[in-house]
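**Student:** Supplied in structure tokens, the structure appears directly below.
The values are calculated or read from the model by the stated rules, or taken from the named source; none is laboratory data. Here the structure is a predicted model, which is why all the values come from computation and not from measurement. Positions of Cβ are backbone-derived with ideal geometry, glycine not excepted, and every protein chain shown enters the neighbour counts. What goes into the accessible areas is simple: the full protein's heavy atoms, side chains included, and nothing from ligands, DNA or RNA. Shrake-Rupley method; radii C 1.70, N 1.55, O 1.52, S 1.80 Å.
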Amino acid sequence: MLTSRLNRRQLVIAGGAAVAATPLLSRLSVSAQDSITVTMVTDTAGIGDQSFNDMANAGGLRAQDELGITFNVLESQTAADYVRNLTDAAESSDMSIGVGFLLTDALAEVAAQYPDGKFALIDSVVEADNVVNFLFREQEGAFLAGAIAALVSKTGQIGFVGGIRIPPVMRYEVGYVAGAKSVNPDIQIAIAYADDFENPDKGKELTLAQYNNGADVVHAAAGRTGVGAFDAALEKGEGFWVIAADKDQAHLGPDAQLAAVIKGIDTAVFDGIKSAQDGTFVGGIHNLGIADDGMGLGAIHASIGADVTDVIDAYSAAIAGGAIVPPVDDDTLAAFELVSPDAIPAVEATPAS
Amino acid sequence: MTRLKLSSSTLINIGGSIIAVTIALLLGAVVMRLSGADPWAAYKALWNGAFVGKRSIAETLIYSAPLILAGLGFALSMRAGLFNIGIEGQLIVGGFMAALVGAWDLGLPSVLYVPLALFAGAVGGAFWGFIPGYLKAKAGAHEVITTIMLNYLAMRLITYLVLRRDDILPVDPTFVATKKVVPEARLPLLMPPTRLHLGIVIAIAAAIILWYILFKTRFGFNVRAVGLSQGASAYGGINWGRTVVIAMIIAGALAGLAGAGESLGLHGRHWSAAPGYGFTAIAVGLVGRNHPIGVIFSGLLFGALNAGGPAMQSADVSKEIVQLIQGFIILAIAALEVVNRFPAIRSRFSRRSAASKAGA
């Protein structure tokens, strides 16, 4: 179901390009001929974070295989490396990709210095003609995570462990709360932040504390810190679940992962590269959600029956169709009207498939 | 006779540092060879990334500036006999304070605003250096313990302030950083379009001033005497406690300036994620033999390694290899130090010099 919507989004991107790319055609047609070089710059967490840097890398490698482009990665050791690496990338390649919110300042600076270069930015926005930005509606996937947590929980208590409350993580949190309360308005939700994306020990400690207070499902949206949530679940044993964020992390504990919120960073990177390769690149903002194949709930544990997954599918369809709009911050969460599983509005099947 | 002895020991120090760096580069090459990479290509990329072209040289100087300043802070405390692991904490407190002042938008012209923000950074670092110095002087609290604790305290405190106190401070929780420093408080650029800023000039000036203080003033003499022997210096009438506290204040101020240069010059805000320069500064001080002029050169060396490191990735060598080489340098320095310290080992390594000494 997730992949079936891919075509629609490509149409959207191509449609936008047809309108806006006309004045650029002379330059773009040159670069469209041969295979291009793309350099991706990671944040300090780097490749191996089991999270969004790895996903972005997967998208680039896929582009290398399928489009025949040359794909390089520059990892950053400190924040001082961001501008340095992006400048190296802009000098040596046709397209430079910044992965993560933390590269916003640096990418704005470098994109302004290289007006003829093409840039892509994940999880943040730099408004410039030569930058294509990919944002995600994390709250949509997190809503489904909250719903499945509430459906599966036997204790009526669930938890959320966040990295740092930057906007994407906040969207995870409020979406999760809205989903869980929709299923069970009386559910108790513990929320904790590690204030750190690179500290699995702290992630484990916070998750254990929530389990020990009665929660049996914890959603961890914390980058590498979230790896610790799996340690906690494995230590507690059967009946304690983790819902992963960004990426399927079942390899960390196949029987501890209830589900994973999948964020289509790999697809975004691939599409960005493809647009630069075939000459349809155009700056702007793409805000990707369930309807665009940018978000979804996947890797649901095999022991979960159809009674649960049917509800999740119904919520998913309602969000994709716009009948449910999950909250994005504390204010919209307070104003959000809960949608119980019996009252999910039916949405016409999307013609895209 | 003393003059001759001094210069020969200086030569030994310089030679030792060069040997240590050479050993480290060779060991790095062995590791790269074992992991299937081409060390020659990697070192060529490192060299090009650090020294070839205007931008590369600018980057080397950019990365060197905080390392020189923080290395000077470490060297000064070492001269006073204190192993100051707290450079990291002093650096980030300084960077944070400077960025706060710079982001507050006081409406001052550059001529006033830049010195004020730099001063705030120095004061922040000095305060964070004063605490362990005072505890050492008054209570005998070991500086290694107190400075490590203060490092954690600084990191956690700044993270808290940045994430939760945007009601009273110019901070931006969504970036986990302070707000942007206003243009009037940014350090001037020296070589546009590169991002080389005034920081390197401040660093070299600070090194020369520190050299003068250490070797040409009474206070500097006191610092060195205290560092060599607390008992003997007290017997000679030097106030140990006062000297230690002042040395730690100046060391903290230097580290604070390093942080201020980063937030006012390079980033335009203070990120709560610490770069770890305070720890590299320990190595910079050691390789520079805790001599201000030596620290300039070792700071440039580590700056070049950091600046050229990312370029090695284009030769299919991981960025971690640069840290590995830095680690090897420290190990080699420590090994040479052991050989230097223990006469029994030294005599085994150089029988001839031992024999000539015995003859004299």
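**Student:** Exactly one of (1) modelled with pLDDT of 80 or more; (2) assigned to a helix (DSSP H, G or I); (3) of a type outside the set (Asp, Glu) is unmet by residue B:317. Its number?
**Tutor:** Condition (2) is where residue B:317 drops out.
**Student:** Then there is this: Residues that are within 19 Å of residue A:81 (Cβ to Cβ): find the helices (runs of 4 or more DSSP H) completely inside segment B:186-304 holding 3 or more of those.
**Tutor:** On the way: elements: B:199-216, B:218-228, B:230-235, B:240-261, B:277-287.
Counting at least 3 such residues, we get B:240-261, B:277-287.
**Student:** Which of (1) open to solvent by less than 30 Å² (accessible area, probe 1.4 Å); (2) polar (S, T, N, Q); (3) at pLDDT below 90 does residue A:96 not meet, given it meets every other one?
**Tutor:** (3)
**Student:** With respect to the numbered conditions (1) over 18 Å from residue A:215 (Cβ atoms); (2) open to solvent by less than 40 Å² (accessible area, probe 1.4 Å); (3) more than 11 Å from the chain's Cα centre (by Cα), which one is the sole condition not fulfilled by residue A:232?
**Tutor:** Result: residue A:232 fails condition (1) only.
**Student:** In addition: Name every residue in segment A:246-281 that is open to solvent by 30 Å² or more (accessible area, probe 1.4 Å), among the hydrophobic types (A, V, I, L, M, F, W, C) and within 17 Å of residue A:37 (Cα to Cα), in order of residue number.
**Tutor:** none
**Student:** Let me ask you something else. If you go through segment A:75-85 one residue at a time, how many are more than 22 Å from the chain's Cα centre (by Cα), at pLDDT 90 or above and either more than 7 Å from chain B (Cβ to nearest Cβ) or outside any helix (DSSP H, G or I) (or both)?
**Tutor:** Adding up the residues that qualify gives 0.
**Student:** While we're here: Within segment A:61-74, which residues are within 14 Å of chain B (Cβ to nearest Cβ) and open to solvent by less than 30 Å² (accessible area, probe 1.4 Å)?
**Tutor:** Correct list: A:71, A:74.
Here's the yes/no breakdown for (1) open to solvent by 30 Å² or more (accessible area, probe 1.4 Å); (2) at pLDDT below 95:
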residue: B:269; (1), (2): no, yes
residue: B:292; (1), (2): no, no
residue: B:296; (1), (2): no, no
residue: B:310; (1), (2): no, yes
residue: B:321; (1), (2): no, yes
residue: B:336; (1), (2): yes, yes
residue: B:341; (1), (2): yes, yes
residue: B:347; (1), (2): yes, yes
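**Student:** Further question on the same structure: Residue by residue through segment A:99-125, note down the ones that are aliphatic (A, V, I, L, M) and either assigned to a helix (DSSP H, G or I) or crowded, with 24+ Cβ neighbours inside 10 Å (or both). Spell out how you get there, then give the answer.
**Tutor:** Just the residues of segment A:99-125 that are aliphatic (A, V, I, L, M), to begin with: A:99, A:102-103, A:106-108, A:110-112, A:120-122, A:125.
Result: A:99, A:102, A:103, A:106, A:107, A:108, A:110, A:111, A:112, A:120, A:121, A:122.
**Student:** Residue B:164 versus (1) charged (D, E, K, R); (2) free of Cβ contacts under 8 Å to residues at least 12 places away in the same chain; (3) open to solvent by less than 10 Å² (accessible area, probe 1.4 Å): which is the lone unmet condition?
**Tutor:** Here residue B:164 clears every test but (3).
**Student:** Please determine, by comparing only the residues of segment B:22-65 that are outside any helix (DSSP H, G or I) and touching a helix residue (DSSP H, G or I) at 6+ places or on another chain (Cβ under 9 Å), which one is surrounded by the most Cβ atoms within 10 Å (Cβ to Cβ). Break it down into steps so the answer makes sense when it comes.
**Tutor:** Within segment B:22-65, the subset outside any helix (DSSP H, G or I) is B:35-38, B:52-53.
From what's left, touching a helix residue (DSSP H, G or I) at 6+ places or on another chain (Cβ under 9 Å): B:35, B:37-38.
On the way: B:35: 12, B:37: 18, B:38: 15.
Only one residue tops the list, namely B:37.
**Student:** Going by the conditions given, is residue B:127 more than 17 Å from the chain's Cα centre (by Cα), modelled with pLDDT of 95 or more and surrounded by fewer than 21 Cβ atoms within 10 Å (Cβ to Cβ)? Spell out the reasoning first.
**Tutor:** Numbers: more than 17 Å from the chain's Cα centre (by Cα): yes; modelled with pLDDT of 95 or more: yes; surrounded by fewer than 21 Cβ atoms within 10 Å (Cβ to Cβ): yes.
Spelling it out, residue B:127 is indeed more than 17 Å from the chain's Cα centre (by Cα), modelled with pLDDT of 95 or more and surrounded by fewer than 21 Cβ atoms within 10 Å (Cβ to Cβ).
Table: residues versus (1) away from chain A (no Cβ under 14 Å); (2) of a type in the set (S, T, N, Q).
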site	(1), (2)
B:221	yes, no
B:229	yes, yes
B:234	yes, no
B:279	no, no
B:282	yes, no
B:295	yes, no
B:307	no, no
B:310	no, no
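**Student:** Would you confirm whether any residue within segment B:249-261 is free of Cβ contacts under 8 Å to residues at least 60 places away in the same chain, more than 14 Å from every other protein chain (Cβ to nearest Cβ) and buried (at least 18 other Cβ atoms within 10 Å of the Cβ)?
**Tutor:** First, pick out the residues of segment B:249-261 that are free of Cβ contacts under 8 Å to residues at least 60 places away in the same chain: none.
Scanning segment B:249-261 turns up no residue that is free of Cβ contacts under 8 Å to residues at least 60 places away in the same chain, more than 14 Å from every other protein chain (Cβ to nearest Cβ) and buried (at least 18 other Cβ atoms within 10 Å of the Cβ).
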